[in-house]
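Trainee: After the structure tokens below, expect a handful of questions from me.
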């Protein structure tokens, strides 16, 4: 089974849940798809690490062949090409690597080159295999890295997803069996929970919510779940001890039997939810 | 000489648009004939890369100068190598800015912002 842990809002405890869920599942692959700020490795401290580059294809022009017909400029829906001073300019940061400009060029004046945009690091931590995506600074989209991360993976898999509800999240959940949404007890948390919820409804994926940092105060995220009939998988009450373990880069499941039981139960609930 | 200005309306008495690439119209003004043409800016509704497209549009009007309150990096990366001169507008009126430019009172656009790409993710 493939599980994606999502949040809508950053800082709700997505990595906390993903890391502990993977540790509780024991034999599984933990994939950090939060490629703009991957931090799961801080907890797993992987050994036997290996890394490889992720590249995308970017067009370049053969000036001798280009006649300036501008078919490519007109074709590019991302406006990554401009023709000025009798020369074609390619804006690499805007290019989405669709390859369309090569197809429409009647002179075969365009070719593609590989441009590195990030890397994938693999390693191990006890019985958990790790796969982490890391986007280079200044790059505009992590989608190709997430695509590469999720190729050739063996179940069971826990994916630490990117925050938000945009393209990177869609790429992450495309082939998963179940999504866990981590929500914090704030109005802002509720707002962004609703955004991911809407996205998941569109995808028709089964999902449930983990309420993090709960107290006896009002919880707008919990109210939202009740209104929308969203299953609440688990509540993690605000706990200074858990905060301390986390701040020291320790995995609660591996340090504390209470959390081990809690996350094992969560994993079982997800297995049932993912099958239905 | 022809100059381009991002504008809010198709009206010489109207206002300069605070955004270059996302302006609804461009006014192209000929300093010799004193004639102004207004063109819709098809880049304004682009989901992305509006800066590149808008710059290509004004270059294709064969202007040599752009007057604008601000400009993003992608637009400048097209316009500057094309030899287009960039001047910073002052105040909001189109007419005042044309007069100020012709009197040599507008300053060169010094600051280029990073742009607002990929908001909302992609």
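Read the figures in this text as sums done on the coordinates, not as results from a lab. This structure is a prediction, so every number in the text was calculated from the model and none was measured. Neighbour counts are summed over all protein chains in view; Cβ atoms, including those assigned to glycine, are modelled from backbone coordinates with ideal geometry.
Trainee: Got a sec? Which residues in region A:1-32 would a label at residue A:247 touch, if it sits 7 Å along Cα→Cβ and we count backbone N under 19 Å?
Mentor: Under 19 Å, as judged by backbone N against the label point of residue A:247, lie A:11-17 of region A:1-32.
Trainee: Could you rank the peptides B:83-91, A:15-23 by their average count of other C-beta atoms within 10 Å per residue, with the highest value first?
Mentor: Top to bottom by mean Cβ count within 10 Å: A:15-23, B:83-91.
Trainee: Based on the Cβ-Cβ distance of residue A:60 and residue A:85, what FRET efficiency does E = 1/(1 + (r/R0)^6) give at R0 = 22 Å, to the nearest 0.05?
Mentor: According to the calculation, E is roughly 0.80.
Trainee: Continuing with this model, one more query. For A:84, A:31, A:232, what ranking results if the residue with the fewest other Cβ atoms within 10 Å of its Cβ goes first?
Mentor: A:232, A:84, A:31
Trainee: Add -39500 (n - 2.57) for each DSSP H run of 4 or more in chain A, then divide by its residues: what number comes out at 222 nm, to the nearest 500 deg cm²/dmol?
Mentor: -10000 deg cm²/dmol
Trainee: Measure off 7 Å from each Cα along the Cα-to-Cβ vector at residue B:1 and residue B:90, then give the distance between these two points in nanometres to one decimal.
Mentor: Distance between label points: 1.7 nm.
Trainee: Along Cα→Cβ, 7 Å out, is where each label goes; now give me the distance between the ones at residue B:80 and residue B:99 in nm to one decimal.
Mentor: According to this spin-label approximation, the distance is 3.3 nm.
Trainee: Grab the beta carbon distance between residue A:27 and residue A:228, set R0 = 51 Å, and tell me the FRET efficiency rounded to 0.05.
Mentor: On the way: r = 34 Å, r/R0 = 0.67.
About 0.90, to the nearest 0.05.
Trainee: If you don't mind, another one. Shielding of A:87-93 by partners, i.e. mean partner chain Cβ atoms within 10 Å per residue? Intermediate results must be reported in sequence, preceding the final value.
Mentor: Details: counts 2, 0, 7, 0, 7, 0, 6.
Other-chain Cβ atoms within 10 Å of each residue's Cβ, averaged: 3.
Trainee: Oh, and also: Taking R0 as 51 Å, what FRET efficiency do you get between residue A:205 and residue A:51 from their Cβ-Cβ distance, rounded to the nearest 0.05?
Mentor: 0.95
Trainee: For region A:45-123 and region A:247-273, what is the separation of their C-alpha centers, rounded to whole Å?
Mentor: 44
Trainee: Determine, for A:195, B:1, the number of other Cβ atoms within 10 Å of each Cβ, and report the residues in order from fewest to most.
Mentor: Neighbour counts put them in this order, fewest first: B:1, A:195.
Trainee: Comparing A:174, A:77, A:131, which has the greatest mean-square fluctuation in the GNM of chain A with Cα pairs linked when under 10 Å apart?
Mentor: Ranking A:174, A:77, A:131 by mean-square fluctuation puts A:77 first.
Trainee: Only counting other Cβ atoms within 10 Å, I'd like B:30, A:160, A:63 sorted with the fewest neighbours first.
Mentor: A:63, B:30, A:160
Trainee: For chain A, set up a GNM with springs between Cα atoms under 10 Å and report which of A:258, A:85, A:197 has the largest fluctuation.
Mentor: Between A:258, A:85, A:197, it is A:85 that shows the largest mean-square fluctuation.
Trainee: While we're looking at this one, here's another question. Would you mind telling me which residue in A:75, A:44, A:188 has the biggest mean-square fluctuation in a Gaussian network model of chain A, where springs connect alpha carbons within a distance under 10 angstrom?
Mentor: Comparing A:75, A:44, A:188 in a Gaussian network model of chain A, the most mobile one is A:75.
Trainee: Grab the Cα-Cα distance for residue A:218 and residue A:75, subtract it from 0.36 nm times how many residues apart they are, and report the gain in nm with one decimal. Display every interim value, and only then the final one.
Mentor: On the way: separation 143, 0.36 × 143 = 51.48 nm, distance 5.23 nm.
The span from residue A:218 to residue A:75 would gain 46.3 nm if fully extended.
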